[in-house]
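Okay, structure first, notes after.
The values are calculated or read from the model by the stated rules, or taken from the named source; none is laboratory data. Since the structure is predicted, the reported quantities are computational estimates derived from the model, not experimental observations. Note that each Cβ is placed from the backbone with ideal geometry, even for glycine, and that neighbours are counted across all protein chains shown. Note: areas computed on protein heavy atoms with side chains; ligands, DNA, RNA excluded. Shrake-Rupley method; radii C 1.70, N 1.55, O 1.52, S 1.80 Å.
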Amino acid sequence: MSKLITEELINERLEAKGFGEKQQQDDDAARKNVLNHYSVELTSDWTEKAEYYIYEESTSDGYSVYVATDDTSSISVCEDINLYDHDLSDKLEEQIKYSSGDEDYPEIIYVDDLYQDFIDQAIENLFIYLSEKFEEEVIDELLSEGYEHKE
């Protein structure tokens, strides 16, 4: 009798890696695991040590704009200023995904409010991306251990 790869077995291994169904249902665990995987720290405390900054500013006539930049001393209106916050999740996701942090020195990203929808969206997208990536790895591991796909 051969050993079969099941969804339960895959999920068990994914949960051990921090990217299974249990973590998917827990927003705090998902956020923690994504940020740990990429060695990124989000902070709402202003620091010059941040690699990236996302914050809201007001224009002279009272409108809100959103700044997303890696250099607060040289902000490009065309590239760094956003009229709407819905574009910020893509920018944050990209910054996290291609971060240069490591376990000892995580990349710091400043966000003026850590409880914004665009952060949740970026984390959710990265969690799904990593879950799919790890699922492929788990299946490869199981196949190398002698497991077979169900027919």
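Numerical summary
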{"item": "Pairs where the first residue, in segment 122-151, is within 16 Å of Leu4 (Cα to Cα) and the second is surrounded by fewer than 10 Cβ atoms within 10 Å (Cβ to Cβ) and among the small types (Gly, Ala, Ser), C-beta under 6 Å, 6+ apart", "result": "Glu148/Ser2"}
{"item": "Lone qualifier among Ile109, Ile96 - being closer than 24 Å to Asp27 by Cα and touching a Ser or Thr at 6+ places or on another chain (Cβ under 9 Å)", "result": "Ile109"}
{"item": "Pair list, Cβ under 8 Å, 6 or more apart: segment 19-31 residue farther than 15 Å from Leu126 by Cβ and of a type in the set (A, V, I, L, M, F, W, C), other residue open to solvent by less than 20 Å² (accessible area, probe 1.4 Å) and in a helix (DSSP H, G or I)", "result": "none"}
{"item": "Some residue of segment 42-55 being of a type in the set (Gly, Ala, Ser) and surrounded by 13 or more Cβ atoms within 10 Å (Cβ to Cβ)", "result": "yes"}
{"item": "Matching option when the condition is modelled with pLDDT of 95 or more, charged (D, E, K, R) and under 9 Å from the mean Cα position of the chain (by Cα), among Asp90, Asp120", "result": "Asp120"}
{"item": "Verdict on Val40 being touching a Gly at 6+ places or on another chain (Cβ under 8 Å), among the β-branched types (Val, Ile, Thr) and in contact (Cβ under 8 Å) with a residue 40 or more places away in the chain", "result": "yes"}
{"item": "Among (1) open to solvent by 60 Å² or more (accessible area, probe 1.4 Å); (2) at pLDDT below 95 - the single one Thr6 does not satisfy", "result": "(1)"}
{"item": "Evaluation of Asp104 against (1) at pLDDT below 95; (2) surrounded by 14 or more Cβ atoms within 10 Å (Cβ to Cβ) (one fails), failing number", "result": "(2)"}
{"item": "Residue within segment 17-31 that is in contact with a strand residue (DSSP E or B) (Cβ under 9 Å, 6 or more places away or on another chain), under 20 Å from Val111 (Cβ atoms) and in a helix (DSSP H, G or I) present", "result": "yes"}
